[in-house]
1. Using the Kirkwood radius built from alpha carbon pairs, what does the Stokes-Einstein equation give as D for region 1-130 at 25 °C and 0.890 mPa s, in µm² per second?
2. Please state the relative contact order of region 53-169 as a whole percent: Cα pairs under 8 Å, 6+ residues apart?
3. Please report, in debye to the nearest 20, how large the charge dipole of region 329-405 is about its Cα centre when each Lys and Arg carries +1 at its beta carbon and each Asp and Glu carries -1 there.
4. Please work out the C-alpha center-to-center distance from region 458-486 to region 402-422 and express it in whole Å.
5. How big is the charge dipole of region 281-328 about its Cα centre, in debye rounded to the nearest 20, if each Lys and Arg gets +1 on its Cβ and each Asp and Glu gets -1 on its Cβ?
6. Residues of region 541-568 with backbone nitrogen within less than 18 Å of a virtual label 7 Å along the Cα-to-Cβ line of Glu432, please, listed as ranges.
7. To the nearest 10 degrees, how steep is helix 403-422 against the longest Cα principal axis of the chain, on a 0 to 90 scale?
8. Expressed as a fraction of 2.2 N^0.38 Å, the rule-of-thumb size for a compact globular protein of N residues, what is the C-alpha radius of gyration of region 77-123?
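What follows draws every value from the coordinates through simple rules; no lab data is involved. Keep in mind the model is a prediction, meaning the values are calculated, not measured. With ideal geometry, Cβ positions are generated from the backbone for all residues, glycine too; neighbour counts draw on all protein chains shown.
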Amino acid sequence: MCGIVGYVGKRQAVPLLLEGLRRLEYRGYDSAGLAVQNGCGVEVLKLAGRVRALIREARKTAVDGTCGIAHTRWATHGAPTSPNAHPHTDCSGTIALVHNGIIENADALRARLKQGGHHFKTQTDTEVLAHLIEEVSSGSLEQRVISALGRVEGAYGIAVISQDDPGKIVVARKGSPVLLGVGNGEFFVASDAAAVLEHTRSVVYLDDGDVAVLTTDSYRVIDASAREQLRSVADIDWDLGAIELGGYPHFMLKEICEQPDSIRSTLRGRLLFEQGDARLHGLNLSPRDCENIRRIVVLACGTSWHAGLVGRYAVEELAGIPVDVEYASEYRYRPQLAIRGTLAIAISQSGETADTLEAMSAARAAGGKVLGLVNVVGSTIARQADGGLYLHAGPEIGVASTKAFTSQIVALVLLGLHLGRQRGLSLAQGRELVYELARLPEQVDQVLDLEPVIEKLAREYAHADNFLYLGRGVNFPVALEGALKLKEISYIHAEGYPAAEMKHGPIALIDENMPVVFVAPEDQLYHKVLSNMQEVKARGGRIIALTTEGAGDLGALADHEIQVPKTVPLLSPVVTSIPLQVLAYHIAVLRGCDVDRPRNLAKSVTVE
Ligand code: AGP
């Protein structure tokens, strides 16, 4: 997902813009640029490549000015080249603009603008916006922007400056997040709070349809009819340390190691030991609402979808409510059956995933209440949901999701516990689960002590071309997640399968070159998984077995055995998924991959 930064105030803009871009780098980008009002016009610097290349360029060509915008781009339309980098300008270079999102009618608009004499410098949809604004010949910059956006179909978060409007930035939002940072006599624009946190904790989250006008001494938010919109100022509750490496080589390793604390944060204030329940006020569900739920449909993508699959076991077992876990991108195109008593739950770390947002709209159109299980406070999904749970896992910077995944599982177990206790789950069962949840952080601490063993294992398998991950029951989603972690950061092909399903085809893949990871904690399916291991062993497969302490030595059956602390089956995915995160991390490092910014990936996929 692209990153937007803007500044207007009394300080030089370029250093602030570059620092902001640097803090957004984790979101995925392939080019970067900035534009500053330098007193006699708008000066643009942009290039393909990392932000540090832009920093070097900015040092060579000193650009002075106290009002500017900047952007890191993750290419959707047009190759990642310098010309296609943002900002984009109009014909005369008077207007400069940065954009997140996709303009769906860009081709038609471009054709009409070309007929009107406009000349284009790039292949991007964004450049069309600059010419649309140019075409509106009169009015304030905000009036021109509003008029131009009236012709646009698609999603956008934009920031615009013009040499005719010194000391002013106009911002608009529709479907792509943008916030304002309110400083002391200065104002910021950003697509993510990380870009402004060094300067202010006070932010204003814009809603779809908002237009904001920032000047050197004030800001205001208006709608398309220029009516003032009251938007509250929120305080960011995490600190810069959370988005700094803190001595770790990569954010991913830092976030893997943060999991004891991130799980503590997810649990904080929510465990009711006496009542054997969970305090989940944000759900906005009365006891009666909980009783009337007939069906739950989970909407998510990627790792969040895997967490939803784990959550299905928890909610069905604890609350007796049937759960469908849907790929958000598929769900939104299916016929929406208005089934009474349906509760939709959108799961998302970023809270900005376009497919999940669209699926929420589809679920709401079918008449259901929609909850959000989200990590980023103030994100679009969080604000559009009827209620929900924040994960409180802290910013997740690494593109590969790790601590958010385990916090999503914990949050879903808390939800299952709470719903269950409203629907007949016994006090004793509730108390047992609360106790096991409270123990989880220190068990995760023990799992992290396994890192050296896993790193050694990574050396043996870093050159494999394929991996198979197998699990049963609540650990089948862990097999899927382990495979996703490996493929998205090491680029090794990996598949997750239900262990029993292997004999219906995938077993043909088994030979001495195929490492097979079995996620096999000691639970009611453990002995079934052992027989699957024997099937693999008999065909020369190399087995990495993830079992639980006390499960007994697998002997010659497994080539490698990793034992994790024993917990109740519903929580076992938390302790079994972490060794797979660590394995994927070390294999990727050994293969020289960019662990925090894997190729082709972005931290938040805000395009469909
Ligand atoms: C996970 O490692 C991936 N980066 C990706 O699958 C991610 O989980 C997915 O894009 C959903 O993102 P969200 O949780 O922010 O909605």
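1. On the way: Rh = 14.7 Å.
For these conditions, the coefficient is 167 µm²/s.
2. Values: 155 pairs, mean separation 37.3, N = 117.
The normalised contact order for region 53-169 reaches 32 percent.
3. Numbers: 7 positive and 6 negative charges, 55 e Å.
The calculation lands at about 260 debye.
4. 23 Å
5. On the way: 4 positive and 6 negative charges, 13 e Å.
Roughly 60 debye for region 281-328.
6. Correct set: 566-568.
7. In the chain, helix 403-422 runs at an angle near 70 degrees to the longest axis.
8. Numbers: Rg = 10.9 Å, N = 47, 2.2 N^0.38 = 9.5 Å.
Normalised by 2.2 N^0.38 Å, the Cα Rg of region 77-123 equals 1.15.
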